[in-house]
Amino acid sequence: MAYVAIADRDHEIEHHDPQTFITKYIWSQDHKVIAIQYSLTAIFVGLIALGLSAMMRLQLGFPDQFSFINPENYYQFVTMHGMIMVIYLLTALFLGGFGNYLIPLMCGSRDMVFPYLNMLSYWVYLLSVIILVISFFVPGGSTGAGWTLYPPQAIMPGTPGVDWGILLMLLSLAVFIVAFTMGGLNYVTTVLQARCRGMTLMRMPLSVWGIFIATVLGLLAFPALLVSAIMMLLDKLVHTSFFMPAISLMGTDPGYTGGSPILFQHLFWFFGHPEVYIVALPAFGIVSDLLSTHARKNIFGYRMMVWAIVAIGGLSFIVWAHHMYVSGMNPYFGFFFATTTLIIAVPTAIKVYNWVLTLWEGNIHLRVPMLFAIGFIFTFIHGGLTGLFLGNVTIDLPLSDTYFVVAHFHMVMGVSPVLVVFGAIYHWWPKITGKMYNETLGRWHFWMTFLGTYAIYLPMHYLGFQGVPRRYFAMGNTEFMPDSAQDLNAWITMSALFVAATQVLFFINMIWSLAKGPKSEPNPWNATTLEWQTPDHPPKHGNWGHELPVVHRWAYDYSVPGYEDDFIPQNVSADDAPAGRDHGGEH
Amino acid sequence: MTIALGFLAIILATLLGWLLKQSFNTQPWVADVVSETAHQGPLGTNSRLIALLTLLAVVSSFFALILSAYALRMELGDWVPLSEPQLLWINTVMLILASIVFQWTRNAAVNGQRSRLTPGLLLTGVLTTSFVIGQFVAWQQLQASGQFITSNPANAFFYFLTGAHAVHILGGMYVWARATGRVVLGKGDQSSIARSIELCTIYWHFLLLVWLVLFGLLLST
């Protein structure tokens, strides 16, 4: 029996619409509902992590002023803030949230290929979040081992949460990985199998490419975290010695033989480095689409952008030990990883050039999503440049574990992708809700956030150069840290609290828009991609009505010479495009 | 980490090579030159198989990483090679037989020989269950001879690897149980049952391959 593509047997497949409230909005198998469930959960838990960072900053900016912050819970804040933000917010939001919403719509399918599995993946994710949140309330509280959970300290007394917190953390991570694998199977299979007629891989918008490659990375990299989590659980619960060296604890012998903490670092960072690209690649893809839509110009060098995403994905697996330069490893080892790290900077830089070149001589509309997209370019260049410093072994040695590193990774992971998240939410808000947001409030939100994050992180680099160490509860009285460093810390704290408070504008905007916002037209940005061409607005279950779309062109036919409109949607054929005098030639 | 890297290199080379081939000679900005790729479905095969193959890649990554950790940990001084219980050989034979019977059942399903399905599926169930029970008994034997999980790292890896493998077998048993239930109760049409058995067979062969690699490694180190 010859294979018939899903898109081509659409009429034979039985389509069931959910009927009850529960099946429509709670136990929903509709990818759009699941996407919103993922997003709301991720944002909720992200706000908790934001609060934790506010507490951290209070201690750093105004040491010992707050009696409810002591060294134990400070490290718990540090750890949970990091773990939640990286995994439970960014990964879940980009892949579970945006991936679920955009992939079927942008590929012209009715839903994911395995809707039941998709639904399960959300509820398992929610379970992992619940387990994580429970860890705040168990005896001893959550783990304070740092998001990197390095042994032996992570499971030894002296580290907060050593009784229950670390167990729940590891369990929560394992459950998350199961959820992620279920979701990942869906995204990969849907992109490969369920694209509509005419939607070749090279006609997919870059948002889909970014999310797709990020999913592949995740599927291959998360097992490393699972392996290290299981091994650490065994070390803690059963007293094996995978990671635990033969140490004595306060004069007693806890019974460990010669394990290797470095083994954990290798396993963790083998996951950890691809993880940051799992967060970054969807952002790269989405920002390409935001820029080209709002500049009315095709993305510069689309094929190169695709290859760069693929190359970054592949290379991301061979750079992990640049997180381990100070672990005491062989210098030649360090040399190898520094080289691969610099190599991976090349496709990344190419992407940056292409984004800028997309804007060049574009018909730029500085709408709110565009502001955030341009803000991404600024902050990502900034963070990426500091990464070049850290990627070189010699410079990394004095900068490792200082605030320079903290500033770097917040810029590339905390600021730039989050600016993309905001830009993307503003951009797709009309599609998801059918309403328009308030432009003025959006602009205020952008400028205060963008300038505010610079106020936070720019000075932080200087602190790092001074040598101010990270993960310290208090700086004490050392000569290399002048008093002005403390003033800088206070400034950073004030900026951080300011930016955190500013986010209220975003939520007010969204709630106002849902309650009282004007209805938006189906394609307010005149975008070419398929999700804007659905018959219903917002799209109904099944997305496309009776007929699936047929795609005739790529996703970037903006300002095509010789055509009347400055955009041609993907599903418009050459015959139907409202042409001007003559059709444009090659460009 | 060489093992994990080697495995990863193979997977990524395949995937990325294929992706690049799809994209190499295209000119995406030229409209309406539709290469019929999407029409065919680029991997001309059914979605469940794609999902299973992806899952196998994930599982392989998982085991390759444990093996990398194994190789790294072996270097450190306190490694005492474990002498595996002889029972493991018998268990291996059980698993090989299970794969063979599953393959036979799969052929029957594809050829529409419905009468062979029930005995075939039940036999694979029996064989696989005896494998799992046998593994558990092997654990008991080790415990009885004083080889605990904490005794030394080689033991720890033994329990971890065999345990992880058994967990994956049990996961497969869930799918097997559903397929067997459908066959025995007479529900489901022939092609969907055939597909289900086909996927199970691939999974069983994969886990057999994993077991042979693990067993070989455990025996030789």
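Okay, here's what the table says:
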item: Residue within the stretch A:429-444 that is within 20 Å of the chain's Cα centre (by Cα), surrounded by 24 or more Cβ atoms within 10 Å (Cβ to Cβ) and hydrophobic (A, V, I, L, M, F, W, C) present; result: no
item: Any hit, the stretch A:278-297, residues being at the interface with chain B (Cβ under 10 Å from one of its Cβ atoms) and more than 19 Å from the chain's Cα centre (by Cα); result: no
item: Unmet criterion (only one of (1) buried (at least 24 other Cβ atoms within 10 Å of the Cβ); (2) facing chain B (nearest Cβ under 9 Å); (3) outside any loop (DSSP other than H, G, I, E, B)) for A:Leu192; result: (1)
item: Set A:Ala501, A:Ala424: member being at pLDDT 95 or above, of a type outside the set (Val, Ile, Thr) and within 23 Å of A:Ala54 (Cβ to Cβ); result: A:Ala501
item: Residue satisfying all of: in the stretch A:243-255; surrounded by fewer than 24 Cβ atoms within 10 Å (Cβ to Cβ) and within 10 Å of another protein chain (Cβ to nearest Cβ); farthest from A:Gln153 (Cα to Cα) among these; result: A:Gly255
item: Any chance A:Ala485 is more than 28 Å from A:Ile364 (Cα to Cα), out of contact with any Lys or Arg (no Cβ under 8 Å at 6 or more places or on another chain) and at pLDDT 95 or above; result: no
item: Inter-residue pairs, beta-carbon under 6 Å, first closer than 16 Å to A:Phe380 by Cα and in the stretch A:438-454, second among the hydroxyl-bearing types (Ser, Thr, Tyr) and buried (at least 20 other Cβ atoms within 10 Å of the Cβ), 6+ apart; result: A:Gly452/A:Ser495
item: Checking A:Asp396 against (1) charged (D, E, K, R); (2) touching a residue at least 24 places away in the same chain (Cβ under 8 Å); (3) not in a helix (DSSP H, G or I), the condition it does not meet; result: (3)
item: Cross-chain or 6+ apart pairs with Cβ under 6 Å, the stretch A:536-555 first and more than 14 Å from chain B (Cβ to nearest Cβ), then at pLDDT below 90; result: A:His541/A:Asp17; A:Gly542/A:His15
item: Condition met for A:Phe498 (touching a Gly at 6+ places or on another chain (Cβ under 8 Å) and part of a helix (DSSP H, G or I)); result: yes
item: Any chance A:Arg197 is facing chain B (nearest Cβ under 7 Å) and in contact with an Asp or Glu (Cβ under 8 Å, 6 or more places away or on another chain); result: yes
item: The lone exception for A:Thr79 - which of (1) touching a Gly at 6+ places or on another chain (Cβ under 8 Å); (2) assigned to a loop (DSSP other than H, G, I, E, B); (3) not charged (D, E, K, R) it fails; result: (2)
item: Conditions (1) closer than 20 Å to A:Phe180 by Cβ; (2) within 14 Å of another protein chain (Cβ to nearest Cβ); (3) not polar (S, T, N, Q): number failed by A:Gly108; result: (1)
item: Which listed residue is over 20 Å from B:Trp211 (Cβ atoms) and buried (at least 20 other Cβ atoms within 10 Å of the Cβ), from B:Leu76, B:Leu121, B:Leu161; result: B:Leu121
item: Residue tally, condition touching a Pro at 6+ places or on another chain (Cβ under 6 Å) and either within 15 Å of A:Trp355 (Cα to Cα) or not β-branched (Val, Ile, Thr) (or both), over the stretch A:270-293; result: 3
item: Matching entry among B:Thr45, B:Thr26, B:Thr37, B:Thr54 (being at pLDDT 85 or above and within 7 Å of another protein chain (Cβ to nearest Cβ)); result: B:Thr54
item: Residues of the stretch A:540-561 that turn out to be over 23 Å from A:Ile364 (Cα atoms) and either among the aromatic types (Phe, Trp, Tyr) or modelled with pLDDT of 95 or more (or both), as a count; result: 1
item: Residue in the stretch A:474-484 that is within 30 Å of A:Met460 (Cβ to Cβ), away from every other protein chain (no Cβ under 14 Å), in contact (Cβ under 8 Å) with a residue 24 or more places away in the chain and not in a loop (DSSP other than H, G, I, E, B) present; result: no
item: Which listed residue, of A:Pro160, A:Pro139, A:Pro104, is farther than 22 Å from A:Ala7 by Cβ, touching a residue at least 60 places away in the same chain (Cβ under 8 Å) and either assigned to a helix (DSSP H, G or I) or not hydrophobic (A, V, I, L, M, F, W, C) (or both); result: A:Pro160
item: Selected residue [of a type outside the set (Gly, Ala, Ser), part of a loop (DSSP other than H, G, I, E, B) and surrounded by 15 or more Cβ atoms within 10 Å (Cβ to Cβ)] from A:Met370, A:Met329; result: A:Met329
item: Neighbours by Cβ (under 8 Å, 6+ apart or cross-chain): first from the stretch B:135-153, within 13 Å of chain A (Cβ to nearest Cβ); second loosely packed, with under 15 Cβ neighbours inside 10 Å and part of a helix (DSSP H, G or I); result: B:Pro153/B:Met74
item: Per-region count, the stretch A:150-189, residues under 19 Å from A:Trp269 (Cα atoms), among the small types (Gly, Ala, Ser), crowded, with 20+ Cβ neighbours inside 10 Å and within 13 Å of another protein chain (Cβ to nearest Cβ); result: 0
item: Count of residues meeting criterion [assigned to a loop (DSSP other than H, G, I, E, B) and at negative phi] in the stretch A:245-262; result: 11
item: Cβ pairs under 7 Å, 6+ apart, first in the stretch A:222-240 and among the β-branched types (Val, Ile, Thr), second surrounded by fewer than 24 Cβ atoms within 10 Å (Cβ to Cβ) and in a loop (DSSP other than H, G, I, E, B); result: A:Val238/B:Ile149; A:Val238/B:Thr150; A:Thr240/B:Ile149; A:Thr240/B:Thr150
item: Check on A:Val208, closer than 22 Å to A:Leu290 by Cα, out of contact with any Asp or Glu (no Cβ under 6 Å at 6 or more places or on another chain), more than 10 Å from chain B (Cβ to nearest Cβ) and not charged (D, E, K, R); result: yes
item: Count of residues meeting criterion [modelled with pLDDT of 85 or more and outside any loop (DSSP other than H, G, I, E, B)] in the stretch A:7-21; result: 1
item: Criterion (away from every other protein chain (no Cβ under 14 Å), within 24 Å of A:Ala527 (Cβ to Cβ) and part of a helix (DSSP H, G or I)) met by exactly one of A:Ala35, A:Ala49; result: A:Ala35
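The values are calculated or read from the model by the stated rules, or taken from the named source; none is laboratory data. Being a predicted model, the structure only gives us computed values, none of them experimental. With ideal geometry, Cβ positions are generated from the backbone for all residues, glycine too; neighbour counts draw on all protein chains shown.
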